[in-house]
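The values are calculated or read from the model by the stated rules, or taken from the named source; none is laboratory data. Remember, it's a predicted structure, so these values are computed and weren't measured experimentally. All Cβ positions, glycine included, derive from the backbone under ideal geometry; neighbour counts span all protein chains shown. Surface areas here come from the heavy atoms of the whole protein model, side chains and all, with no ligands, DNA or RNA. Shrake-Rupley method; radii C 1.70, N 1.55, O 1.52, S 1.80 Å.
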Amino acid sequence: SKHNLDAKYRVIMPSKFREEIGDSFVVAKGYGPCLAVYSQEEYKKLALKVMALPANLPETQVIRREILGEAENCTADKQGRFVVPTELREKVGVTREVMIVGNGDHAEIWDMNEWMEYMYGKKSMSYEQAAASLLEKGWTF
């Protein structure tokens, strides 16, 4: 759903996500130009998976730094608003108008322009291509 950051860079987390994520949650860099919002429980699961990756691989270090090193704990106020962390917001280019979408175990916050480009621009892969690729690799959904 569409939302606007206020003058203090707060945004309202939609109630459908707040019910699952809770009032205290973790904001981290998402996959792509977005932020990922995890419940404390889901973030702990993700952190354990990331920590299980081989530490000697450069890819692991990048993933650890992005997902673990820059994540921030956030708390929503009584109206469901929270401050989008400055460094993360600037890193992915979130401005005033955002789109908040669900993605399984987390929610994502996208800058509206990035979201529109992702949804309606030239994607690297369409939904159909992604589904076919997963099926070819033996994954079903």
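Key figures for this structure:
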{"item": "Segment 4-22, residues that are open to solvent by 40 Å² or more (accessible area, probe 1.4 Å), in contact (Cβ under 8 Å) with a residue 60 or more places away in the chain and not in a helix (DSSP H, G or I)", "result": "Asn4, Asp6, Lys8, Tyr9, Arg10, Ile12"}
{"item": "Members of segment 74-92 that are under 24 Å from Glu114 (Cα atoms), loosely packed, with under 14 Cβ neighbours inside 10 Å and of a type outside the set (Val, Ile, Thr)", "result": "Glu87, Glu90"}
{"item": "Subset tally (residues that are exposed (fewer than 10 other Cβ atoms within 10 Å of the Cβ) and not in a helix (DSSP H, G or I)) for segment 101-120", "result": "1"}
{"item": "Residue that is over 17 Å from His3 (Cα atoms), surrounded by 12 or more Cβ atoms within 10 Å (Cβ to Cβ) and under 19 Å from the mean Cα position of the chain (by Cα), where the choices are Glu97, Glu70", "result": "Glu70"}
{"item": "Every residue from segment 23-58 that is open to solvent by less than 20 Å² (accessible area, probe 1.4 Å) and polar (S, T, N, Q)", "result": "Ser39"}
{"item": "Odd one out for Tyr31 among (1) more than 16 Å from the chain's Cα centre (by Cα); (2) free of Cβ contacts under 8 Å to residues at least 12 places away in the same chain", "result": "(1)"}
